[in-house]
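**Student:** Once you've had a glance at the structure underneath, I'll fire off some questions.
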Amino acid sequence: MAGVPTTSGWVDSSELGLTLMHEHLFTLNKELDDNYPGDWDEELRRADAVDKLHYLESVGVSSLVDLTVLGLGRFIPRVKEVAEHTTINVIVATGVYTYRDLPLYFHFRGPGRMIDGPEYLTEFLIDDIREGIAGTGVRAAILKCSTDEIGVTPDIDRALRCVAQAHRETGVPITTHTHAATHRGLDQLRIFDEEGVDPTRVIIGHSGDSKDRDYLRRLLDTGAYIGMDRFGLDVFATTPERVATVAQLALEGFADQMLLSTDAPCFSHNLEPARAEHLPNWNWPHLFDDVIPALREAGITDAQLNRMLVDNPRRIFERVDTY
């Protein structure tokens with residue numbers, strides 16, 4: 001059995017229980033808030049996040065993977081303090097979230113760059129995993145990278161390869177943000193393959209945004225997991241469409257490679273306060289009140305739900321033994 005680092009210490013992978021594999025507590029833009037103060041209220045937002053985690057406790061969730069990395073306002077002390085008020089195992093990530101360019105800090109540093117030297121981004125990722133994040137002692141347990149509609153720019157290619165290199169060095173799994181409509185998951189798997197990554201160690205995120213089941217089967221046929229992880233984000237696919245896709249793929253025997261989640265932050269600088277009006281279903285209760293009953297009505301068995309919410313997350317983390 002393998003231990004998994006969380007904000008409150010190490011948990012045996014066998015004890016993770018029902019796990020949401022693609023979520024966020026806060027997605028923030030500190031620079032924007034410092035210059036154009038808006039809706040952020042530290043005390044209020046922490047209390048709200050605690051309440052929402054208590055809700056997850058009440059419906060049987062044991063663990064949550066917070067995929068807030070550089071580019072989304074990651075601040076581990078806040079996440080750690082919120083998690084301490086609940087029994088939820090909060091697992092955090094390292095990586096970089098960008099659709100085109102890396103932060104200038106990394107742009108100027110690295111092999112052949114203005115400040116020549118080793119690949120600083122890879123070292124940053126490995127340090128987060130092995131040493132802990134920003135002096136907090138909290139270690140990242142998963143790597144994250146992004147490829148959106150614009151495709152694989154030079155910096156996106158570099159970020160994916162750095163994530164792959166950090167994975168090979170540490171053994172922790174990889175999860176991704178993709179633009180499913182343009183099949184960016186295939187680009188990611190191609191680059192990971194070139195870097196020697198076993199696709200069974202990869203989760204292609206936001207795959208549930210796609211209604212193209214042939215595309216999803218191409219991902220699954222590699223052995224990769226797919227994240228059906230945006231229930232309630234109806235602008236990309238409605239809940240009935242997402243449910244139908246999961247049900248069909250499960251019928252075809254792919255329940256062992258799917259993960260259910262919402263990608264819904266407790267608070268997002270990018271979307272609040274309009275989110276409640278324009279995306280009223282994009283929240284954690286929607287998954288448990290509406291989606292899981294709909295999946296059952298569509299023929300998904302309790303055993304298949306258990307695979308997608310309990311067994312698959314455990315399998316992803318129990319293969320790590322190189323922290």
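Laboratory data are not the source of any read-out in this text; all were calculated from the coordinates shown. Computed from a predicted model, the values in this text were never measured in an experiment. Note: ideal-geometry Cβ built from the backbone for every residue, glycine included; neighbour counts use all protein chains shown.
**Student:** How about residue 80: which lysines have a C-alpha closer than 27 Å to its C-alpha, ignoring those fewer than 8 places off in the same chain?
**Tutor:** Residue 80 reaches 30, 52, 144.
**Student:** Radius of gyration and Dmax for region 68-122's Cα atoms, expressed in Å?
**Tutor:** For region 68-122, the Cα-based Rg and Dmax read 15.3, 47 Å.
**Student:** Going by Cα centres, region 276-314 and region 250-268 are how many Å apart?
**Tutor:** Measuring centre to centre over Cα atoms gives 8 Å.
**Student:** Still on this model: Sum up the charges of everything whose Cβ sits under 15 Å from the Cβ of residue 104, counting Lys and Arg as +1 and Asp and Glu as -1, but leave residue 104 out.
**Tutor:** +1
**Student:** With an 8 Å Cα cut-off and a minimum separation of 6 or more residues, compute the relative contact order for the chain in percent.
**Tutor:** Relative contact order here is 20 percent.
**Student:** Then there is this: What residue among 185, 227, 73 has the largest mean-square fluctuation in a Gaussian network model of the chain, using Cα springs under 10 Å?
**Tutor:** Greatest mean-square fluctuation among the candidates belongs to 73.
**Student:** Find out how many positive minus negative residues lie around residue 153, taking Lys and Arg as positive, Asp and Glu as negative, among other residues whose Cβ is under 14 Å from that of residue 153.
**Tutor:** Here the charged neighbours net out to -2.
**Student:** Given a cut-off of 21 Å, what percent of all Cα-Cα pairs of region 21-106 lie beyond it?
**Tutor:** Roughly 36 percent, once rounded to a whole number.
**Student:** Same structure, new question: Give the calculated FRET efficiency between residue 51 and residue 31 to the nearest 0.05, with a Förster radius of 35 Å applied to their Cβ-Cβ distance.
**Tutor:** 0.80
**Student:** With a sphere of radius 10 Å drawn around the Cβ of residue 4, what net charge do the other residues whose Cβ falls strictly inside it have (Lys, Arg +1; Asp, Glu -1)?
**Tutor:** With Lys, Arg at +1 and Asp, Glu at -1, the neighbours total -1.
**Student:** Please work out the C-alpha center-to-center distance from region 164-179 to region 15-45 and express it in whole Å.
**Tutor:** Here the answer is 23 Å between Cα centres.
**Student:** Cα extents of the chain along the three principal axes, largest first, in whole Å?
**Tutor:** So the three principal-axis extents are 58, 45, 40 Å.
**Student:** Restricting to the chain, compute how many DSSP beta bridges are antiparallel as a %, nearest 5.
**Tutor:** Once the DSSP bridges in the chain are tallied, antiparallel ones form about 10 percent.
**Student:** Using a 7 Å offset from the Cα along the Cα-to-Cβ direction at both residue 87 and residue 296, what is the distance between the two label points in nm, to one decimal?
**Tutor:** 2.2
**Student:** Something else now. Once you have the Cα-Cα distance between residue 152 and residue 271, take 0.36 nm times their residue separation minus that, and quote the gain in nm to one decimal.
**Tutor:** 40.3 nm
**Student:** Sticking with this structure for a sec: Take the Cα atoms of region 212-323, find their three principal axes, and give me the spread along each one in whole Å, biggest first.
**Tutor:** Dimensions of region 212-323 along the principal axes of its Cα atoms: 40, 39, 26 Å.
**Student:** Right, another one. Restricting to DSSP loop positions (anything but H, G, I, E, B) with no more than 12 other Cβ atoms inside 10 Å of their own Cβ, which trypsin sites (Lys or Arg not before Pro) remain in region 98-186?
**Tutor:** 100
**Student:** Further question: Using the crude model of +1 on Lys and Arg Cβ and -1 on Asp and Glu Cβ, and no other charge, please compute the dipole size for the chain relative to its Cα centre, in debye to 20.
**Tutor:** 560
**Student:** Sticking with this one: Using 7 Å Cα-to-Cβ label points, what is the residue 108/residue 252 separation (nm, one decimal)?
**Tutor:** The two pseudo-label positions are separated by 4.9 nm.
**Student:** Which of the listed residues, 177, 37, 231, is farthest toward the dipole's positive end in the chain, when Lys, Arg count +1 and Asp, Glu count -1 at the beta-carbon?
**Tutor:** Positive-end residue among those listed: 177.
**Student:** Another question about this same structure. Placing unit charges on C-beta atoms (Lys and Arg positive, Asp and Glu negative, everything else neutral), compute the dipole magnitude of region 168-323 about its Cα centre in debye, rounded to 20.
**Tutor:** Using only the charged Cβ atoms, the result is roughly 100 debye.
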